[in-house]
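Right, one structure below, let's go through it.
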Amino acid sequence: MKTEIAVMTEEEPDIEAIEKAGEIIRNGGLVAFPTETVYGLGGDAKNAGSSRKIYAAKGRPSDNPLIVHIARMDDLYGITSEVTETAEKLAKELWPGPLTMILKKNDEIPSATTGGLDTVAVRFPSGRIAQELIKAAGGFIAAPSANLSGRPSTTRAAHVIHDMDGRIDMIIDGGDCKIGLESTIVDVTGDVPVILRPGFYSGSRIEEIIGKFSVDPVVKGEKTDGPPKAPGMKYRHYAPKAELILVEGPQNAVISKINELTAESIAKGVKAAVICSEETKDMYKNGLIYAMGSRNSEEEIAHSLFDVLRQTDDAGAEIIYSETFDTPLLGKAIMNRLFKAAGFNMIRLQEENTNDSTRM
Ligand code: AMP
Ligand code: MG
């Protein structure tokens, strides 16, 4: 399949190209497009065939539900059977924006779009290109992140072209995504919102609006007895090709441990890389060094995360040792992605000595 590429900016969307992209989606085709979080791989949310094509293009298991993107507040009512007060309050405060809400679906949305669940994930993105495209496509675009299944999400057009060229009808190149991390997913089917995936909006922001919230144990990597809320939560995500190991503890201990580990890997002929911050990058002695940004700028770190993971792939890294980034606001979201990319593989260094313990 020949993939058409349309280049534009958020400031000056190419309306003619967007109309064409909308028509492709209305006719059952697929278009990748930029949002404020990451690039999405869009198809008509009401067309089961389109959703099946999305799963095929990503190579994604079809029980991993898609997010339905809307561009008008009222459209929320067109695809759900019950909108709770909690949902309305959050929508009023945080939409358009990087919040996805899980609600009971109605018959307008086929179960092929929701991975067989009777709930639907809904998001109203804030970017202009995304909004114009959703309207041009008829109002409801089902879109997961526009990456091959299991791989780091795409935050720049070059990433999307790398993963999706030849697999979909069109890619809208709208430059780099502003946030660079996927939306916060909140289950609002009950009174207390439950965070299923941390994102740009933190738990405390949600608490400010609703007064309370809880976090699904799966987010923290805890095993649960019951079935997962979302089938997607059981898959390993965001993974670079290399094995990724997180190293946590006092800064100096982390630096010397990583220096020791990279030296060992290199001695064995294994191509090693380090993911760190601007502040510490000069302290690493071995391997490929990737600074994600300054610890004083969480947004910068969030913005570079997926790009850096993809750069390690391009460089052929075989093992990556990464610092942890439990920063105040976006830390939960950043660490959630890193934990999943690492398969929860972390070395914890103690305060007093550098004895390590590995947690799986
Ligand atoms: P992505 O494909 O990266 O955009 O992520 C979409 C994610 O949204 C899925 O992996 C699920 O975790 C989540 N999701 C979508 N629909 C639902 C739903 N009905 N219930 C719970 N989670 C959902
Ligand atoms: Mg994804």
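The values are calculated or read from the model by the stated rules, or taken from the named source; none is laboratory data. These numbers were taken from a predicted model, which means no experiment stands behind them. In this analysis, Cβ positions are derived from the backbone assuming ideal geometry, glycine residues included, and neighbour counts consider all displayed protein chains. Calculation scope for accessible area: heavy atoms of the full protein, side chains included, ligands and nucleic acids excluded. Shrake-Rupley method; radii C 1.70, N 1.55, O 1.52, S 1.80 Å.
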Requested in this report: Treat every Asp and Glu Cβ in the range 95-203 as -1 and every Lys and Arg Cβ as +1, leave all other atoms uncharged, and give the resulting dipole magnitude about the Cα centre to the nearest 20 debye.
Outcome: 180
Report summary line: Heavy-atom accessible area of the range 70-188 with neighbours in place, 1.4 angstrom probe: carbon+sulfur share in percent works out to 44
Query raised in the report: Any idea how far the Cα center of the range 261-285 sits from the one of the range 162-187, in Å?
Result: 30
Query raised in the report: Taking the Cβ-Cβ separation of E19 and E299 as r and a Förster radius of 35 Å, what is the calculated FRET efficiency to the nearest 0.05?
Result: 0.60
Query raised in the report: Taking θ as phi - 60°, what are the ³J(HN,Hα) couplings along the range 272-287 by the Karplus curve (6.51, -1.76, 1.60), each to the nearest whole Hz, with x for Gly and Pro?
Result: 9, 9, 10, 10, 8, 10, 3, 5, 10, 4, 6, 8, 8, 9, 10, x
Query - Among K268, K241, K212, residue whose mean-square fluctuation peaks in a GNM of the chain (springs only between Cα atoms under 10 Å) - result: K268
Query - Most mobile of T113, T280, T155 in a GNM of the chain (Cα contacts under 10 Å) - result: T280
Query raised in the report: Can you pick out the pairs among K46/K135; K58/K241; K241/K281; K271/K332 whose Cα atoms lie more than 25 Å from each other?
Result: K271/K332
Report summary line: P(r) over all Cα-Cα pairs of the chain, 10 Å bins from 0 to the longest distance, whole percent per bin, short to long, reads 6, 25, 33, 24, 11, 3, 0
Query - Positive-end residue of I255, H237, I334, charge dipole of the chain with Cβ unit charges - result: H237
Query raised in the report: Which of these, T154, T100, T262, has the largest mean-square fluctuation under a Gaussian network model of the chain (Cα springs below 10 Å)?
Result: T262
Query raised in the report: To the nearest 20 debye, what is the magnitude of the charge dipole of the range 242-293 about its Cα centre, counting +1 on the Cβ of each Lys and Arg and -1 on the Cβ of each Asp and Glu?
Result: 200
Query - Accessible area in square angstrom per residue, the range 245-360, 1.4 angstrom probe - result: 45
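Once Rh for the range 40-166 is found with the Kirkwood sum over Cα pairs, what is the Stokes-Einstein diffusion coefficient at 10 °C and 1.306 mPa s, in µm²/s?
108
Leaving out ligands and nucleic acids, and using a 1.4 Å probe, what accessible area per residue does the range 30-179 come to in Å²?
Normalised by residue count, the accessible surface of the range 30-179 is 32 Å².
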Report summary line: With +1 at each Lys and Arg Cβ and -1 at each Asp and Glu Cβ, the charge dipole magnitude of the chain around its Cα centre, to the nearest 20 debye, comes out at 1020
Report task. Could you work out how far apart the two model spin labels at L329 and V83 are, taking each label as a point 7 Å from the Cα in the direction of the beta carbon, and quote it in nm? Result -> 2.8
Requested in this report: Could you calculate the FRET efficiency of M283 with E12 from 1/(1 + (r/R0)^6), where r is the beta carbon distance between them and R0 is 56 Å, rounded to 0.05?
Outcome: 0.85
